[in-house]
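Colleague: Structure provided below as structure tokens; questions to follow.
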Protein chains: 2
Amino acid sequence: MTDDLMTIGQMCDKFDVTPRTLRFYEAKELIFPIREGQKRLFTKRDRARLKLILQGKRFGFSLEEIRQLLNLYDLGDQQTTQLTKTYELAQERLQVMEEQRDELNEAIDDLKEQLTWFETELSHRGVKLAAE
Amino acid sequence: MTDDLMTIGQMCDKFDVTPRTLRFYEAKELIFPIREGQKRLFTKRDRARLKLILQGKRFGFSLEEIRQLLNLYDLGDQQTTQLTKTYELAQERLQVMEEQRDELNEAIDDLKEQLTWFETELSHRGVKLAAE
DNA sequence: GTTATCCTTTACGTCAACGTAAGGTTTACG
DNA sequence: CGTAAACCTTACGTTGACGTAAAGGATAAC
């Protein structure tokens, strides 16, 4: 039975972040570890949120943007008004992400084309490339 | 015959950036506007590079990462060694971008699922959503 | 000629996202 | 008992990517 609760050190190992980062995220109300005396204990929920946080960061979202989106993934019994707002926000975010994906695909295609061009250029110069 | 050369103001209008940003990018050697007296004049090359810069930023790359990638898109007559390094760098970058795209697709799917869940939840509460 | 617009440089300010250092507490081991 | 490991808080520092303010030159319009 894995304990469900993890210390800050264990979290750092698991997610490859520093303690400072976790404390910082707590201060910014992105995660809510419980306390045993002074010490923080991170729940499954915290881990799920952290995973989403790190994911969001890789997509270039700010912590504040991420914080708002997180409400989407664990709604308690909030006001319906609040829910609706979150819903709309998530829709906008989805659209942004889809646009980003499309643009990313284009950029990937461009880059690939450029790489092919490069390869011929290099081979003209007699450079042998390592087979990938 | 559109002039090929643009002033900083025209650039700002075209790309929706501030003069400060363009001067900053020049200082960081991302673009190389020529000078007419004091004034900067931006070439087609600068515009191509700027476009890539802004694109890269949206994908979460740092200016320094972008700067290195830019060499890929306008190679002069550099050393072959340098070319090969650029090539390898670009391949790594391509891989990162593809991973990012895949991860993005997953995140999009997750988010969509969450949104569907949300819709049923909201409709249970008798909320009418605007048709998109 | 002066007023306005557009450009310039220099330099200090700012904001996000942490890093890092200093000093204090709790638990575990020899 | 001491000390080492892992945690804590407080607080100042840093880096990237610009913003913003001050002071001034060049040109066009009135």
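Colleague: Among B:Glu113, B:Glu98, which is the only one that is under 30 Å from A:Leu72 (Cβ atoms), out of contact with any strand residue (DSSP E or B) (no Cβ under 6 Å at 6 or more places or on another chain) and at the interface with chain A (Cβ under 9 Å from one of its Cβ atoms)?
Modeller: Only one candidate passes the filter, namely B:Glu98.
Colleague: In this structure, does B:Gln100 turn out to be within 13 Å of the chain's Cα centre (by Cα), away from DNA strand C (no atom under 16 Å from the Cβ) and polar (S, T, N, Q)?
Modeller: No, not satisfied.
Colleague: Looking only at the stretch B:31-51, which residues are within 13 Å of DNA strand D (Cβ to nearest atom) and open to solvent by 30 Å² or more (accessible area, probe 1.4 Å)?
Modeller: B:Arg35, B:Glu36, B:Gly37, B:Gln38, B:Lys39, B:Arg40
Colleague: Still on this model: Hey, B:Thr86 hits all of (1) farther than 29 Å from A:Glu98 by Cα; (2) out of contact with any helix residue (DSSP H, G or I) (no Cβ under 8 Å at 6 or more places or on another chain) but one; which does it fall short on?
Modeller: (2)
Colleague: Take the conditions at the interface with another protein chain (Cβ under 8 Å from one of its Cβ atoms) and small (Gly, Ala, Ser) and apply them to A:Ala90. Does it pass?
Modeller: Yes: the conditions hold for A:Ala90.
Colleague: Cβ-Cβ below 8 Å, separation at least six or inter-chain, first residue in the stretch B:37-57 and in contact (Cβ under 8 Å) with a residue 12 or more places away in the chain, second of a type in the set (D, E, K, R) and in a helix (DSSP H, G or I): which pairs?
Modeller: Within 8 Å, the pairs are B:Arg40/B:Arg23; B:Arg40/B:Glu26; B:Arg47/B:Lys14; B:Gly56/B:Glu65.
Colleague: Criterion first (aliphatic (A, V, I, L, M) and in contact with a helix residue (DSSP H, G or I) (Cβ under 9 Å, 6 or more places away or on another chain)) does B:Ala27 satisfy it?
Modeller: No; evaluated as a whole, the condition is false for this residue.
Rundown of residues vs (1) under 26 Å from A:Met97 (Cβ atoms); (2) outside any helix (DSSP H, G or I); (3) basic (Lys, Arg); (4) open to solvent by 70 Å² or more (accessible area, probe 1.4 Å), yes/no style:
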position: B:Asn71; (1), (2), (3), (4): no, no, no, no
position: B:Gln82; (1), (2), (3), (4): no, no, no, yes
position: B:Arg101; (1), (2), (3), (4): yes, no, yes, no
position: B:Trp117; (1), (2), (3), (4): yes, no, no, yes
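Colleague: To continue, here is another question. Considering only the stretch A:21-30, I want to know if a residue exists there that is among the aromatic types (Phe, Trp, Tyr) and in contact with a strand residue (DSSP E or B) (Cβ under 6 Å, 6 or more places away or on another chain).
Modeller: No.
Colleague: Let me ask another. Which of (1) open to solvent by less than 30 Å² (accessible area, probe 1.4 Å); (2) in contact with a Pro (Cβ under 8 Å, 6 or more places away or on another chain) is the odd one out, the single condition B:Glu26 does not satisfy?
Modeller: (1)
Colleague: Go through (1) within 12 Å of DNA strand C (Cβ to nearest atom); (2) surrounded by 15 or more Cβ atoms within 10 Å (Cβ to Cβ); (3) away from chain A (no Cβ under 12 Å) and name the single condition B:Phe15 misses.
Modeller: So B:Phe15 meets the others, but not (1).
Colleague: Could you go through the stretch B:30-49 and let me know if any residue there is assigned to a helix (DSSP H, G or I), within 16 Å of DNA strand C (Cβ to nearest atom), under 15 Å from the mean Cα position of the chain (by Cα) and of a type in the set (A, V, I, L, M).
Modeller: No; the residues of the stretch B:30-49 include none that is assigned to a helix (DSSP H, G or I), within 16 Å of DNA strand C (Cβ to nearest atom), under 15 Å from the mean Cα position of the chain (by Cα) and of a type in the set (A, V, I, L, M).
The values are calculated or read from the model by the stated rules, or taken from the named source; none is laboratory data. This structure is a prediction, so every number in the text was calculated from the model and none was measured. Glycine gets a Cβ as well: all are built from the backbone with ideal geometry, and neighbour counts include every protein chain shown. Surface accessibility is based on the protein's heavy atoms, side chains included, excluding ligands, DNA and RNA. Shrake-Rupley method; radii C 1.70, N 1.55, O 1.52, S 1.80 Å.
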